[in-house]
There are 2 protein chains.
Amino acid sequence: MTGAPPVPMSATLAADEVLARRRRAGEQVLPMAGGEIGLPVLPALRRRLAAAAGLNAYGPVPGSHALRASAAGYWGRRGLGTDPGLVVAGPGSKPLLFALLLAIGGDVVVPVPGWVSYAAQARLAGAHPVPVATAPGQGGVPDPERLRTAVAAARAAGRDPRCVVVTLPDNPTGTVASPGTVRRLADAARELDLVIVSDEIYCDLVWDTSVPAESPARHAPERTVVTTGLTKNLAVGGWRTGVARLPDSDTGRSLHGRLVPVASQIWSSPPAPVQAAAAYAFGEPPEIAAHVAACRALHERVVRAVAGRFTGAGADLAPVRATCYLYPDFGPLRDRLAHTHDVHGGEGLVRFLGERHGIGVLPAGAFGEPGDPLRIRAATSRLYGEDDEQRTTALAAPDPLELPWIRRNLEQIGAALADLTGSPVTGS
Amino acid sequence: MTGAPPVPMSATLAADEVLARRRRAGEQVLPMAGGEIGLPVLPALRRRLAAAAGLNAYGPVPGSHALRASAAGYWGRRGLGTDPGLVVAGPGSKPLLFALLLAIGGDVVVPVPGWVSYAAQARLAGAHPVPVATAPGQGGVPDPERLRTAVAAARAAGRDPRCVVVTLPDNPTGTVASPGTVRRLADAARELDLVIVSDEIYCDLVWDTSVPAESPARHAPERTVVTTGLTKNLAVGGWRTGVARLPDSDTGRSLHGRLVPVASQIWSSPPAPVQAAAAYAFGEPPEIAAHVAACRALHERVVRAVAGRFTGAGADLAPVRATCYLYPDFGPLRDRLAHTHDVHGGEGLVRFLGERHGIGVLPAGAFGEPGDPLRIRAATSRLYGEDDEQRTTALAAPDPLELPWIRRNLEQIGAALADLTGSPVTGS
């Protein structure tokens, strides 16, 4: 029990807790580090959970039939016909991803930059993460050519990569890889005999649909596992619910036979009352669809405003088309930041924004980027209000940027960037 | 993705599902395999969950302050003063146990017989389970002398056992190890420098208190982790909530620093609405305490009646003092069972009771016992009624054995045993 922990603390959750403490101490803080969605639970959804409070049985390990059928319908409406028997629900898509890594076995290709937990989970599963860079604007999808090289090298070194994780839409970059990139990734995965684990937790938060977001399950249906949940679309991260769609193939059925036992030994079943509410939500009745649309529009409005401030300050930013994340690169300002503020990398930038301006963000290093680049991830999802009343108002507002609390938050960001760059930043 | 799964399916959950299918097909079945508690949620508790349905934030990884403070008070009332800062909550005590094994690292001593998931979890964590037999009547606590021998042998063979799991009260035997056994186990663990992980999920279901149930945390406070939850005491297995109490020592604080990061990477935080209800329940207001007492009394009445039938049939049974489990040994009937029924071990006995009598039980082999002994585990927890109305009636009945549905269940058990032994069995 000495030495470093087996994995580091989840950077997003750790940052959230630090900022929450500062807020309790009375400081004016902008929590832009974690990806928690600061929006209220839709009352109709809340009522479904409340009505299910008497459900106390474990139920089937992979989730209730109602939930699995509902999730199958959800994917079916997105062009992915789904057998409910190949759906596995879990207490969050995070534990599902972990159990998938255990069930698949072997080493794991992860995108760089990539969500904080993929590599940590691979290590907990006794595997080696094989990092593969993504191309600019194609976040979440390891570059197919680099994938071939990295897997060949890993195999030559005695490693055993068996799956590649993909994030579509992407966290941390907020970009959506193009159908061409996804297809080439799928081809490479087939060639290399890798299972694709496609984390599509943000799939309903694509607000710029100028380029279609295509799941690798369209291009490599025999080997693609898709995971999603209600955490992001419906802002119920604290409820802990996720679903996985296994491929309808020998690979998928074999994986199902391995995944369900792992789930039975780690978590038994997802929380029963939450399952009942999730079965309702994945059915997408009009009020749910309208709420998701309102959330998506709010994210879009605020992300675009913040993006304009970052680019206005001189940072590079790939086209953000989804989620509530921005991943600006302050490399173009390197000299000024070094000379004026003694800021040389993402870690320094995080300290500068946190200590001088009460703005919590994460350094690129938290997403697996080597060499502490001068880059950060910022989430807009907690800028929408201090309480449920303000947040509900923001969801309904014709122009949320006119709301005083959102305007104030944007001004706080603008002031921080002006201090950073030495000139006023008003956004584009 | 070929070959056996990394772990077998949890035997209890698998058996539950098989029997549920038979029941849906219209068969009269007695589900005595799984340990799910077939009792309704106390209305006051259900209301707390319903009222908390709007809570959608992750909150702190180890659980809310309210839940941790409440759990600390719960242990304090049991003579184990507890720092809320050393309490970690999770989505069930099962994932907490798994995360503890990952955080502690090394190999894991498990009691034999022992709960189905300890050894499976150890394997998923990349560890080797080191099985150590318990003495008769001292279920759940590896025999201290055998522990010394087994750990020495494991270390000589290059293994690295770092913790010993204890179940108190015990599943599968329903016994409670004596304070003497617990003290000697604690001494041995200290000598061998092992962390003790004491699974006390059944701690409020001790109904025969003629011998005190003492946690190893009393005898080795510096190295004992205690886990519990609401699953068994309050019949809310489907809610998924558990808590761990880490030792107030350097070992405990170091373990906390390893456990919380593991939790952050596997499950983020326990379901927020459930946390709110759990904080209320661990506070043990009078209505909760009265409900637990009623559940305990019902378990006692039915377990004693079933125990009488098993011993009346000629099986050996150590003194059952807690839980809803019985672990009868049909060894004394070996010749008759072999000649009359071609039943030679626990597996055969399970088939006999299931196929001929619709009674689901588990073989001793599911609890790690080698050589398929002629022994089974039977749970009474789903004999109390077919629906919440019958179960509520059972909880309030002056003599639940007089209720027609419980009497019928006992008769079905009696008939099966009479068939097995060739003579009437009415219980003692």
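Per DSSP H run of at least 4 residues, take -39500 (n - 2.57); add these up for chain B, divide by its residues and hand me the 222 nm value, nearest 500 deg cm²/dmol. The partial results should precede the final answer.
On the way: 15 runs with 182 residues, N = 428.
That calculation yields -13000 deg cm²/dmol at 222 nm.
Report the net charge of residues surrounding A:Trp267, where surrounding means a beta-carbon distance below 10 angstrom and charges are Lys +1, Arg +1, Asp -1, Glu -1.
Details: positive: A:Arg240, B:Lys94, B:Arg240; negative: none.
Combined, the nearby Lys, Arg, Asp and Glu give +3.
Out of residues 5 or more away from B:Val164 or on other chains, whose amide H comes under 5 Å of its own, with H placed 1.01 Å from N in the peptide plane?
Excluding prolines and chain starts, which carry no amide H, the hits are B:Val109, B:Val195, B:Ile196, B:Val197.
Using a Gaussian network model of chain B with C-alpha springs under 10 Å, which one of B:Leu395, B:Leu124, B:Leu326 is most mobile by mean-square fluctuation?
Result: B:Leu124 has the largest fluctuation of those listed.
Got a sec? Charge dipole of the protein assembly as shown, +1 on Cβ for Lys and Arg, -1 for Asp and Glu; which of B:Gly180, A:Gly385, A:Ala99 is way out at the positive end?
Farthest towards the positive end: A:Gly385.
I want to check the label-to-label distance for A:Arg77 and B:Ala44. Put each point 7 Å from Cα in the C-beta direction and report it in nm to one decimal.
A separation of 4.2 nm, rounded to one decimal place.
Using Cα pairs under 8 angstrom and six or more residues apart, how large is the relative contact order of the range A:301-428, in percent?
Reported as a whole number, the value is 31 percent.
Give or take rounding to whole Å, what are the principal axis extents of the alpha carbon atoms in the range A:3-142, in descending order?
Answer, in whole Å and largest first: 45, 42, 37 Å.
Please compute, over every Cα-Cα pair in the range B:317-375, the percentage with a separation greater than 16 angstrom. Display every interim value, and only then the final one.
Numbers: 787 of 1711 pairs.
The answer is 46 percent, as a whole percent.
Could you identify which residue out of A:Pro40, A:Pro247, A:Pro111 has the top mean-square fluctuation in a GNM of chain A using Cα springs shorter than 10 Å?
Residue with maximal mean-square fluctuation among A:Pro40, A:Pro247, A:Pro111: A:Pro40.
Using a Förster distance of 41 Å, how high is the FRET efficiency between B:Ala293 and B:Ser423, based on the Cβ-Cβ distance and rounded to 0.05? Each step should come with its number before you reach the end.
Values: r = 37 Å, r/R0 = 0.91.
For R0 = 41 Å, the calculated efficiency reads 0.65.
Residue farthest toward the positive end of the dipole of the range A:1-126, with Cβ of Lys/Arg at +1 and Asp/Glu at -1: which of A:Leu39, A:Ala14, A:Val108?
Value: A:Leu39.
What are the label-to-label distances in nm, one decimal and shortest first, from B:Arg190 to the same spot in the other copies, with labels 7 Å along Cα to Cβ?
In ascending order, 6.5 nm.
Give the Cα extents of the protein assembly as shown along the principal axes, in whole Å, largest first.
Principal extents (Cα only, largest first): 93, 56, 52 Å.
How far, in nm to one decimal, is A:Arg351 from itself in the other copies if the label point is set 7 angstrom along Cα toward Cβ? Shortest first, please.
For A:Arg351, the other copies' label points sit at 6.9 nm, shortest first.
Treating the point 7 Å from Cα along Cα-beta-carbon as the label, what are the nm separations from A:Thr392 to the other copies, to one decimal?
3.2
Using all Cα-Cα distances in the range A:168-289, what percent lands in each 5 angstrom bin from 0 up to the longest?
2, 10, 17, 20, 19, 17, 11, 4, 0
Compute the FRET efficiency between B:Glu27 and A:Val211 as 1/(1 + (r/R0)^6), taking r as their Cβ-Cβ distance and R0 = 60 Å, and round to the nearest 0.05. Let's see the in-between values first.
On the way: r = 55 Å, r/R0 = 0.92.
Once rounded, the FRET efficiency stands at 0.65.
Where Lys and Arg each count +1 and Asp and Glu each count -1, what net charge lies around B:Val176 among other residues with Cβ under 11 Å from its Cβ? Please list the in-between numbers first.
On the way: positive: B:Arg321; negative: B:Asp170, B:Glu200, B:Asp208, B:Glu214.
Net local charge, B:Val176 excluded: -3.
Reachable aspartates and glutamates from B:Lys94, Cα under 20 Å, same-chain residues fewer than 8 places away excluded?
Answer for B:Lys94, where 20 Å is the Cα cut-off: B:Asp16, B:Glu17, B:Glu36, B:Asp107, B:Asp170, B:Asp199, B:Glu200, B:Asp204, listed by chain and number.
Which values, in whole Å and largest first, are the semi-axes of the equivalent ellipsoid of the range B:269-368 obtained as the square root of 5 times each eigenvalue of the Cα gyration tensor?
Working: eigenvalues 278, 60, 23 Å².
Equivalent ellipsoid of the range B:269-368: 37, 17, 11 Å, largest first.
In terms of modelled amide H atoms, which long-range or inter-chain residues lie less than 5 Å from the amide H of A:Ala89?
Amide H to amide H, under 5 Å and 5 or more residues apart or across chains, A:Ala89 pairs with A:Gly63, A:Ala244.
Evaluate the charge dipole of the range B:243-339 about its Cα centre and quote only its size in Debye, nearest 20, assuming +1 on the Cβ of each Lys and Arg and -1 on the Cβ of each Asp and Glu. The partial results should precede the final answer.
Numbers: 10 positive and 8 negative charges, 43 e Å.
With Lys and Arg at +1 and Asp and Glu at -1, about 200 debye.
Roughly how many nanometres apart are two label points built 7 Å out from the Cα toward the Cβ at B:Arg336 and A:Thr340?
A separation of 9.3 nm, rounded to one decimal place.
Please report, in Å, the Rg and the Dmax of the range B:56-283, where both are computed over Cα atoms only.
Gyration radius and largest Cα-Cα distance of the range B:56-283: 16.3, 50 Å.
Set the Förster radius R0 to 60 Å, insert the Cβ-Cβ distance between B:Arg155 and A:Ser249 as r into 1/(1 + (r/R0)^6), and round the FRET efficiency to 0.05. Could the numbers behind the result be given before it?
Numbers: r = 45 Å, r/R0 = 0.76.
Efficiency, rounded to the nearest 0.05: 0.85.
So for chain A, what are the equivalent ellipsoid semi-axes in whole Å, largest first, each being the square root of 5 times an eigenvalue of the Cα gyration tensor? Don't jump to the answer; show the numbers that get you there.
Working: eigenvalues 222, 146, 77 Å².
After scaling each eigenvalue by five and taking roots: 33, 27, 20 Å.
Which whole-number percent is the relative contact order of chain A (Cα, under 8 Å, 6+ apart)? Numbers along the way, then the final one.
Values: 899 pairs, mean separation 93.0, N = 428.
RCO, chain A: 22 percent.
Calculate one ³J(HN,Hα) per residue across the range A:372-380 by plugging θ = phi - 60° into the Karplus curve 6.51 cos²θ - 1.76 cosθ + 1.60, and present them in order as whole Hz with x for glycine and proline.
6, x, 7, 8, 9, 10, 10, 10, 8
What are the DSSP H helices in chain B that stretch 27 Å or more along their long axis, judged by alpha-carbon atoms, and whose average Kyte-Doolittle hydropathy comes to at least -0.5? Present the calculation step by step, with values, prior to reporting the outcome.
Working: long enough: B:286-312 (39 Å, 0.31).
Helices meeting the criterion: B:286-312.
No lab work stands behind these numbers, since they all come straight from the coordinates. Only a predicted model underlies this, so the values are computations on that prediction, with no experimental measurement involved. A quick note on method: Cβ atoms are made from the backbone with ideal geometry, for glycine too, and the neighbour counts reach across all protein chains shown.
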